[in-house]
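J.: Below: one structure in structure tokens.
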Amino acid sequence: MMKPWKVVKRLLPLFAGLSLLLSACGREDLSVLRPQGPVAEGQLGLIKLSISIMIVVMLIVFGIAAYVLVKYRRKPGQTEVPKQVEGNFKLEIIWTAIPLVLVLILAVATVQKVFAIGEDYSKDKNAVKIKVTSHQFWWEFTYPDYGITTAQDMVIPTDKKIALELKTADVLHSFWVPSLAGKIDTNTDGTINKAWLEASNEGVYLGKCAELCGKSHAFMEFRVKAVSDDSFNKWVDSMKAPVQTIADPELAEVFKTQCLSCHAVGDQGGPVGPNLTGIGSRETVASILHNAEGSGKSVDGKPIKDNLVEWLTDPQKVKPGNKMPSPKEDLGLSDDQIEAIADYLANSKLSY
């Protein structure tokens, strides 16, 4: 039988290799360890403080344990029972007081950050107000000061406070952008939660639903696109600009009756489903089908038209449990109509 130390010796390189491999996994924009704004930086500071306290306590405890094991180990030939002594009153006071002090330090820092992170900027005239509504399984973003509603891609200017008001349209969800801020629930009791975030650098940051909310919980992603003030203003103008309608009258009527009854494109359509204005410029279709050209740079994905055709052909296959009716089975769209509508939407782009 192999000795235990030999087993450990053989497994150690394997565990070391796996640790190195797994340390390279994940996305840069989906990590609390790479903060891109003051809220995330404050939260990372709390993580570092708590870990530092735990490491110090662990080193002290293990150090004392090692000292006792070495100094008071049984000596060769020693057979008598060691002298039994009572506890030391001063030591007991010390090792009771020290944890209390450490907990107090952590509590004070935590309370300070909680109040700072929870500050309400909804009345701040310089902040950008966004109302966030969660749905199964997509996100809706309304900019009341600009008269704009969009979905999936939340566009914000850098170095400005973004005042969020969060609610749900159905079940409990949780709004989370790891690089920018912590998790904020969207409650089912009608409560509107308020929070804020700020992006220090331009870029695209991945957001997730952090509360199990149904079959496609894992597919309920969104993007926060931080841009310059000039680009943000151009995006606002593009969202408000008139959109080109479908040239084919027959297809335009089908699109109006079967698609615009729920979705909006520009100033046309309804508010039930995700707003599709400028969908050709988005990072994804249905939040998980990555568009090769959506971000303006080459990424590992398919052309947006192909993604739209895939989604419109069988939405339940792409995102199980979503509430969109099947364009083919429920709405009666043909493959040619789906192809033409996908082409129209893929060319609905925003310039900013």
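Residue-by-condition table, conditions (1) at pLDDT 90 or above; (2) in contact with a Cys (Cβ under 8 Å, 6 or more places away or on another chain); (3) basic (Lys, Arg):
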residue: 84; (1), (2), (3): no, no, no
residue: 105; (1), (2), (3): yes, no, no
residue: 132; (1), (2), (3): yes, no, no
residue: 141; (1), (2), (3): yes, no, no
residue: 169; (1), (2), (3): yes, no, no
residue: 174; (1), (2), (3): yes, yes, no
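J.: Give all pairs with beta carbons closer than 6 Å in which a residue from the range 321-332 that is part of a loop (DSSP other than H, G, I, E, B) meets a residue that is of a type in the set (Phe, Trp, Tyr); count only pairs at least 6 apart in sequence or on separate chains.
T.: 322/137
J.: Still on this structure, please answer the following. Listed residues 240, 225; which is open to solvent by less than 70 Å² (accessible area, probe 1.4 Å) and within 27 Å of residue 145 (Cα to Cα)?
T.: 225
J.: For the range 51-81, enumerate the residues that are open to solvent by 80 Å² or more (accessible area, probe 1.4 Å) and over 43 Å from the mean Cα position of the chain (by Cα).
T.: 67, 69, 70, 71, 72, 73, 74, 75, 76, 79, 80, 81
J.: Could you please find all residues in the range 326-343 being surrounded by 14 or more Cβ atoms within 10 Å (Cβ to Cβ) and under 22 Å from residue 138 (Cα atoms)?
T.: Result: 326, 327, 328, 331, 338, 341, 342.
The values are calculated or read from the model by the stated rules, or taken from the named source; none is laboratory data. Note that this is a predicted model, so its numbers are computed, not measured. Note that we place each Cβ from the backbone using ideal geometry, even for glycine, and neighbour counts take in every protein chain shown. We work out accessible area using only protein heavy atoms, side chains counted, and drop any ligands, DNA or RNA first. Shrake-Rupley method; radii C 1.70, N 1.55, O 1.52, S 1.80 Å.
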